[in-house]
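Take a look at the structure set out below.
The values are calculated or read from the model by the stated rules, or taken from the named source; none is laboratory data. Nothing here was measured: the structure is a model prediction, and the numbers come from that model. Here the Cβ is made from the backbone with ideal geometry for all residues, glycine too, and neighbour counts use every protein chain on show. These accessible areas exclude ligands, DNA and RNA; they are computed on the full protein's heavy atoms, side chains included. Shrake-Rupley method; radii C 1.70, N 1.55, O 1.52, S 1.80 Å.
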Amino acid sequence: MIDGIVAKTKGIVHGKGPITLVGGGQATPQDLHKALTLAPRCVAADGGAALALAAGIMPEAVIGDFDSLSPETRRAIPAGHLHLIAEQDSTDFEKALTRITAPVVIAVGFTGGRIDHQLAALHTLMVCADRPCVLIGAEELLFLAPPRISLPTERAEVISLFPLAPVTAQSTGLHWPLDGLDFAPGVQSGTSNHATGPMTVTVDAPALLMMVPRRLLAPVVAALGAPDARRWPRQAE
């Protein structure tokens, strides 16, 4: 369900600019610093605090159930920065993302490692569709396609699309246009498409994952977080 979790949660971190969220998955201090160049405020989801400290960054908030926050890491963080969310109906990524108010969140450390954790992160992107978020992976960026997005892709760059639910789309700048296709899990996906130049994609539902080259981080963040960007509405309870 794309439920009322957002409506029921109380915000913890609020910002007018992009915010970096770090998790306990596979990532490097270099990945974190890359995110921080665009989103200098750092929040950690539970065990992601360890990566932040290893990179020399003190997170301004640590949000989660703390089941993966080591005693050593916890002692290194001021008590006022720790926000325990004890419920077990959501992941730490969802707990944190739903308590951050920002134009866009750059998420580091939510890919790699256990496959169930990766799938849960992708699920969270859909559950929290009204909160633009881009995941930095080892090879590419992952984000839920907004209603419309234009990116300065270059010829032959790989662009993959994967549906989390039935969705239709239109495109320009892709070798295989998306127009007329009925995307759905087990029916139609868009793996290993590629750009013919600058790309625009329009979709009719918050259900299409986009995977693009890491070099596009700044344009993706700018597109998702722009004041006039089209966004998915908050779902009613």
Exercise. How about region 1-114: which strands (runs of 3 or more DSSP E) wholly inside it have at least 3 residues that are touching a helix residue (DSSP H, G or I) at 6+ places or on another chain (Cβ under 6 Å) and open to solvent by 50 Å² or more (accessible area, probe 1.4 Å)?
Worked result: none
Exercise. Listed residues Ala205, Ala223, Ala218, Ala195; which is under 24 Å from Ile106 (Cα atoms), assigned to a loop (DSSP other than H, G, I, E, B) and in contact (Cβ under 8 Å) with a residue 40 or more places away in the chain?
Worked result: Ala205
Exercise. Could you say whether any residue in region 215-224 is farther than 26 Å from Val127 by Cβ, open to solvent by 10 Å² or more (accessible area, probe 1.4 Å), of a type outside the set (Ser, Thr, Tyr) and more than 22 Å from the chain's Cα centre (by Cα)?
Worked result: no
For this session: Could you check, for region 175-197, whether at least one of its residues is surrounded by fewer than 17 Cβ atoms within 10 Å (Cβ to Cβ) and closer than 27 Å to Ile19 by Cβ?
Result: no
Exercise. Of everything in region 71-95 that's of a type in the set (A, V, I, L, M, F, W, C) and over 22 Å from Ala145 (Cβ atoms), which residue is modelled with the lowest pLDDT?
Worked result: Ala86
Exercise. Within the bounds of region 58-67, is there any residue that is more than 16 Å from Leu84 (Cα to Cα) and at pLDDT 95 or above?
Worked result: yes
For this session: May I ask you to list the residues in region 12-69 that are among the basic types (Lys, Arg) and more than 16 Å from the chain's Cα centre (by Cα)?
Result: Lys16
For this session: Kindly provide the set of residues from region 115-131 that are more than 19 Å from Cys42 (Cβ to Cβ), under 9 Å from the mean Cα position of the chain (by Cα) and open to solvent by 20 Å² or more (accessible area, probe 1.4 Å), ordered by number.
Result: Leu122
Problem set entry | Count of residues meeting criterion [open to solvent by 40 Å² or more (accessible area, probe 1.4 Å), at pLDDT 95 or above and not in a strand (DSSP E or B)] in region 132-159 | 4
For this session: Please work out which one of (1) under 22 Å from Pro18 (Cβ atoms); (2) at pLDDT 95 or above is the condition Ala229 fails and give its number.
Result: (2)
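Residue by residue, here is whether (1) among the acidic types (Asp, Glu); (2) out of contact with any helix residue (DSSP H, G or I) (no Cβ under 9 Å at 6 or more places or on another chain); (3) not in a strand (DSSP E or B) holds:
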| position | (1), (2), (3) |
| --- | --- |
| Leu161 | no, yes, no |
| Leu178 | no, yes, yes |
| Phe183 | no, yes, no |
| Met199 | no, yes, no |
| Leu209 | no, no, no |
| Asp228 | yes, yes, yes |
| Trp232 | no, yes, yes |
